[in-house]
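What follows is a set of notes on a single structure, which appears directly below.
A short reminder: the numbers here are calculations on the coordinates, not readings from a lab. All figures in this text were calculated on a predicted structure; none of them were measured in a lab. Here the Cβ is made from the backbone with ideal geometry for all residues, glycine too, and neighbour counts use every protein chain on show.
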Amino acid sequence: MGTPPVLRVGFAVEARSDHFDRVPFGIRSPDGTRIAVANLADGQIWTMRADGSAKRAITTTHAENGFSAWAPNDRIVFTSGTQGNHDIYVMDADGSHVTRLTDDPADDTVPDSSPGGRRILFSSTGTP
């Protein structure tokens, strides 16, 4: 029979006012109708409806993409290792208009958006 394939599952935590809402497989959109998923198996970011239907890969790079956050202005903030280290990018929720926000030799990861979507917070292995 052989060994069954391993499915790696991640959980994200989304902060909401005075509680945390555990969201399996990704981050909910601000309106709650969609989910953004960083797929550990193929390294891409996918979106889908909240019920799991209409799955669509919105990144197509040959790199590890992940640690996504959904900004309130319907944009997705994420990390990508396309340049040999991880940098922060932002794109529209349909995968268009990808913009690189950081460009340094350090690994920049775990991005999040401010409540108004005007600022991005992230972790970096570099020095300020």
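Here are the numbers for this structure:
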quantity	calculated
Sum of side-chain charges, residue 35 neighbourhood, beta-carbon under 10 Å (Lys, Arg +1; Asp, Glu -1)	+3
Positive minus negative residues near residue 48 (Lys, Arg vs Asp, Glu; Cβ under 9 Å)	+3
Length added when fully stretched, residue 53-residue 106, from 0.36 nm per residue minus Cα-Cα	15.4 nm
Cα shape, segment 38-78, gyration tensor, a/c 1.5 rule	oblate
